[in-house]
Amino acid sequence: MEYRQYHYPTYDLVVLYYAENSGKYQGIRMTLVQGDDYSYTSQIPGCKPGAKIIYYAEAYHSSGLVMSSQVFSYTIFKPTKKVFYS
């Protein structure tokens, strides 16, 4: 039986690219999650209600390797009315 341990590289730079309402993509540097060698985090700045946000991440390694995620999206919902519960 052969056992192989796969090592995933630690990337030198990970960037979250996002666009609001099909506009120009902007990049935000992501930071490595403390205690986890494979997770990165970032926050997309607040956007107006009704905006559709499209985003993906790219990871860059010093060897020249570039990895890209698939593209995701979400919509900021507009409030319809105020509802109070007692």
Verdict on TYR11 being surrounded by 11 or more Cβ atoms within 10 Å (Cβ to Cβ), touching a residue at least 40 places away in the same chain (Cβ under 8 Å), of a type outside the set (D, E, K, R) and not in a strand (DSSP E or B) | yes
Is there any pair linking a residue in region 28-41 that is closer than 11 Å to LEU13 by Cβ to one that is surrounded by 10 or more Cβ atoms within 10 Å (Cβ to Cβ) and among the aromatic types (Phe, Trp, Tyr), with Cβ under 6 Å and at least six apart or on different chains, and which?
-> MET30/TYR40; LEU32/TYR40
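None of the figures in this text is laboratory data; all of them are computed from the coordinates on show. Small disclaimer: the values here were computed from a predicted structure and weren't measured. Reconstructed Cβ throughout: ideal geometry from the backbone, glycine too, with neighbour counts over all protein chains shown.
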